[in-house]
Amino acid sequence: MSSFKQIQVLKQSKPGQVLSDSALYWKDYEFPTVINEYGGINHIDVSEVKPNFVVATHASRVHIYDSHKKTAIKSFSFSENAYSGSFRRDGKLMCVGFESNHAKVYPIMEDQQKDFDFENETESTNSATKPKKRPLRKFDDHLGPVHVCKFMRNLYHVMTCSDDAHVRIFDLATSNTIMKLKAHKDYIRSGCTSVTSDDLILTGSYDHTVKMTDTRINSVVMTVDHGEPVENILMFPSSNMVVSCGGNSIKIWDVLKGGNLIHTMINHHKTVTSLAFSHNYKYLLSAGLDRHIKVFDLANYDLVSTLDYPSAILSLGVLPEDKSLVVGMSDGLLSFKDRKKHDTEAFRESNRAKKGYNPYKYASSSVFTSSATDHIITHETKPHLRSFDKQLKKFNSTKALDEALSLKTRVNTPQATIGVMQELIRRGTIKAALAGKSEKSLGILIKFIQRNISNPNFTATLTDISNILLDLYINDIGKYAAIDDLFVRLKKTIDMEIQYQTNLFQIIGTLETIFVAQNNVTK
Amino acid sequence: MHRLANSSDLLCSISSNGDCVALCTPDGVIKFYDTLTSNLKLEYSSSTHLQAGCSCLVWSRLKRTQNTVQNSKQKKLKTNSESTNKSIETELNDLDLIALGTTDGSILIYSLSKASLHTQLSEGGHSDKVNDISWCPNYSDSIYSCSDDGYIVEWSLLESKVKAKWKASKTAITSISIDPTNNYLICSSKTITVWDLKSKTKVKTLTGHSNDIFKLQFLSQKNQDLEYFFSAAHNDRILNAWTLNSANITETSNQTLQSFTLNDGPSFLEVISIKKNDKNLEALVLAMTHKGQLCLFKYDFSSDEKSNLKKPLKPINTVKLETKEGSPLKIYAAFLANSKNEKLDLIELGNVNNESSLVDMLNNNYLYIVYGSHVNPRIEKIEFSELNETKKVLKRDDPFKTSVTLQTQATKIESPIISKDVKVLVPGQSGPQTSIGLGNQQKRKSTEPSQMTLEERLNVMGLDETNGEAYYKNGQVPKTDNLLVLLVQGLQSNDSKMLNHILQHKNDKVIAKTVRMLPTNYVVQLIKELNKRLQGHAQSGLGLIKWLKSVLMIHTSYLMSYPDLIESLGSVYEMMNARTKLFPQLSKLQGKLQLVMSQVTSQAEDLPSGNDKEPLLYYQDSTSEDEQIEDELIPSHSEFDEYVFSDEEDEEESIHDDDDDQDENMADDGDSKKILKKEVVSFKKKKELSKSSLLKKNKKDESEDDDDEDEEDDEDEDAAENGENNFGMEDDDDEDDDDEDDE
């Protein structure tokens, strides 16, 4: 027995760009949670160990946030401006640079302090009833504000870069300077330590250069010229590629080839202030004063996605597994954007448990195993018919058309409405279906035509329909003001469409001329 | 420039009753100006003004009240504290004191009424620059001062000696203020510290600025126990408002209540409280930026939510001063005064609508501004009605040039007026040539800068588009928000919001100019962006067509040489072909509609004459007991009503019910009178409705699609209810169809 053939609803092809998987991946974030601070947030760092704390530095404060609750769990206030608060790899210590030429190291959690080697310091802090946030170490050999302060991979050394153009490496145990190098000619505003090597550091300066330094030989091993003051730099984990940003450009350099420029990306229209890698170093994220975050695919350096923010972005952080994007803006807004939670198998299971789902109810096939000799008759499920299909099946043309013009159908799937109309034309009952309409449903029909006639996919059908309508109702026109009004609107739309198409013809002519001329030129 | 260097150093303070402005010139001389006339009243230079310059100027807080002038016969201190206070008050009131802090740490108290130094406070005081002084609000003889050495000192005015002194900070204290209840003292460096005045202990520390705070000011009014104060810091583009819970200090919030953004660091702060209906407390904040712009903020304390996410408030009004040549003039200070020219720190408003703008609320008050050079400062009274724009630019004479203009006036040659009839016989220059005609002189006058035409002024301001190129030649910096720059930025960063905004422009000239200057490497990208947007409705498409046309016309040669032209522009071409495929059919339909609608319009023209007669006829018809006609007519009316007035469902339903009743009545026994009434009513309604429906339709055209759909939704529901009535006839059709199909 053949079943009723339903109206095929054609999928509307929307020309334009097709969203790639990567673009969809970066669109898949929830509405951001925003926290208001009072100064531009100039640095964000994310702890690599769970529960991934986020440290945000703004003006004279450093706040540590819980990335799940989005609340500040600890805050440090200073009497001067702080810069570059960043975690140690194990998430137990934090270092901060200051305007008055020094850098300090703080413990993150009080209860963890006993694990540290510095017994004397911790005892004094624990003894007080209200533990004061006293620094563990203070490094004050610099001659200018310390804008960069990062732990080295070996956990016991701290790299600091200052406006006095010097790079220093301090020993955590003794707070002595281990290495000192005047690497640049201008302020050093960005720095980065290698994640695989204990000895490689990278610095970017306002003298337009990025330099890689080997601490074992205490000298610069590679210098590249970015062309503009360098705002931020990143090193790939293998330490053989380097990303720098400054001005509105982002550049990628090959270290092994001695600082060869691999690629330049100019996709921002204002200064790029911050860079970050996504999970597994698959994507590169850049943030700029133009309020955008751009995502680049690191396989081919293509722009994958763009995220918009309300004001100029100064700093950016990505949580492990791209779980959340943390963005600091110039007017003190700190935005957390979480990845949407998807219906994973586990998630669905838990939902079922809540609803009291009984797995045995529909499990007959799994409980009862048929033998090979059994003849199995599958239970035929009735196909679900949409309301207009039901009417079509009963040959109620008018009702089918009315159902097809119901609010939900005509707004959400106008192509289904068109499908019904085409089916009625094919059956030859369209005239009957259109005839004798009440004023109201006629109004709806005309409005539908007026809205959709300029869609090239629908124009043919709707032109025919309107011709029939005019033939049928020519005597009624002029009787009802509301209907007349709709006809006037329909006419206006068509007038405009005609005018538009006339213009398009002109452009087609121009294009054809250009195509022909180009063919001649290339021949 | 020299001028700027001077002006930024200028210290300026306004007396608490607003009749006098004290200025400290860079050479250490204090000058007192009358606010009404801008004339110099007094001048004072301390004996040590060359070694120790003046670092701060603070007037005493006492108000001069005219009616309570008591003879200060009891100058001696009495045991009764209240009368002591009163006597001190009167004494200090009469003296009209101002405190001068100096860079060497001493404080001079100068009496304006005596025109001499009242006393000097230096022994046992500060060892470094005095940064700020605060007078006690409750008329005691204490004043507090803070200094670079980190100490706060409480002085006794009458005995001229130190009452208390304590170290408040390791670093310099830049500002100090006493709360209106005289219980707490707040002082600041980068952070704000709250001190209990009785025990001299620190009770609270607040952080909110990244730089040194130079001004703390309490609001004169408080809201129950909550007191409010404002802070401003050097080079920090925000002002902050804070609360202080005077009853329970520990409950004071650590967070700023609200911040206010400025486009430059502040140099002056003044706060006025506004009281509405004795309940709502608002604050009017006057802040001056370093560039000399005056910003007005309004903040309503009653509306505060305890949210952490409040965006900083933006100024509701800004005032800028400019010379006629367009160079900015710096405003040093500003204050608010009532119609009696008394300085205000509280405005009480009766029943004023919340909606009325600030300007309307303050209509009876005046804004005083101080500007100009220290040699010749100007004090000007501005009516609030003048500040009707949110960004007001006031044009004033350049105060630095006034002396020059005065000279030219003085040396002007007065020429004898000679009438036209007089013939000058002598060929040589016996008389001045200017005397040839009076008319000439007047014409020339009109070209003076003070009487520029609007066109000339616009040219000076650089708003005229056609003069754009001339500007570039003059070496002026082109505007950054030029359409081309925006377009290139939008294409570069693929910002669709920005591009949509740009592509909305429909002015042919603007489009052509922008496209002409567009760098060629963006041309193909622009065409692709246009293609994306061309697929919508014709209305939006018509504007974009202009862009596409001009791109194709102007960049023809580039496009011809572009190698991947067919690949990249093929889709544009295809899209257009698809769209224009049905042009003939559409044109035919257009013709058909034209014909039909022309009939309608001609009918509509006839309508008004026939309209008046119709109801009469109708009335007659229904009396003639032609029930069948009625039956047909009634539902059609109700349908009509429903269609037009979907909002008033209830009414419609009632009418509909009545209709049903009518049917019954007619079946039983035609109560024709009742029906008649209803007929007339419904017809009247119809008339009204058809009018209102037209209005409605017009509105609908403008309104969003969503609204339309909502209305339609309602209609649909109606349709479901009345389905049987409406489709009664059509059902028959359907059955016919079925029969046919069956055959």
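Quick rundown of the values:
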| quantity | calculated |
| --- | --- |
| Between 0 and 90°, nearest 10: helix A:439-452 axis offset from chain A longest Cα axis | 50 degrees |
| Whole-number percent relative contact order across the range B:175-229, with pairs defined as alpha carbons under 8 Å at least 6 apart | 31 percent |
| 5 angstrom amide H check on B:T252, placed H, neighbours 5+ away | B:N245 |
| Shielding of B:589-596 by partner chains, average beta-carbon count, 10 Å | 6 |
| Crossing angle, helix A:414-427 versus chain A [Cα axis fit, 0-90 degrees, rounded to tens] | 20 degrees |
| Net charge of Cβ neighbours under 13 Å - reference B:V523; Lys, Arg +1; Asp, Glu -1 | 0 |
| Segments A:467-477, A:56-66 sorted - mean Cβ within 10 Å per residue, highest first | A:56-66, A:467-477 |
| Kirkwood estimate for the range A:387-518, i.e. one over the average of 1/r between Cα atoms, Å | 16.1 Å |
| Angstrom value of the Kirkwood radius, inverse mean 1/r, which spans all Cα pairs in chain A | 29.1 Å |
| Helix-only mean residue ellipticity at 222 nm for chain A, each DSSP H run of n ≥ 4 adding -39500 (n - 2.57), per residue, nearest 500 | -8500 deg cm²/dmol |
| Where GluC sites (Glu not before Pro) fall in DSSP loop in the range B:108-165, at most 10 other Cβ within 10 Å | B:E123 |
| Residue mean of other protein chain beta carbons inside 10 Å, A:504-512 | 6 |
| Label-to-label distance, nm, for residues given as B:D264 and A:D254 (7 Å Cα→Cβ offset) | 5.1 nm |
| Nearest-20 debye value, the range B:148-211 charge dipole, Cβ charges on Lys, Arg, Asp, Glu | 220 debye |
| Peptide-level mean, for A:452-459, of C-beta atoms on other protein chains within 10 Å | 4 |
| Principal axis box of the range B:482-578, alpha-carbon based, largest edge first, Å | 32, 30, 25 |
| Over 23 Å (Cα to Cα) - which of A:K180/A:K282; A:K399/A:K440; A:K492/B:K592; A:K69/A:K340 fall in this group | A:K180/A:K282 |
| FRET efficiency for B:S122 and A:R339, using Cβ-Cβ distance with R0 set to 60 Å, rounded to 0.05 | 0.35 |
| Modelled FRET efficiency - R0 30 Å, A:S238 with B:V485, Cβ distances, 0.05 increments | 0.15 |
| Relative packing of peptides A:96-106, A:247-257 - highest average C-beta neighbours within 10 Å first | A:96-106, A:247-257 |
| Label-point separation, B:E251 to B:K202 (7 Å along Cα→Cβ), nm | 2.5 nm |
| Formal net charge of residues neighbouring A:F87 (Cβ-Cβ distance under 12 Å; K, R +1; D, E -1) | +1 |
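Every read-out reported here was derived from the displayed coordinates using simple, explicitly stated rules and does not represent laboratory data. Please read these numbers as outputs of a predicted model, since none were measured by experiment. Don't worry about glycine lacking a Cβ; one is built from the backbone with ideal geometry, like all the others, and counts go over all protein chains shown.
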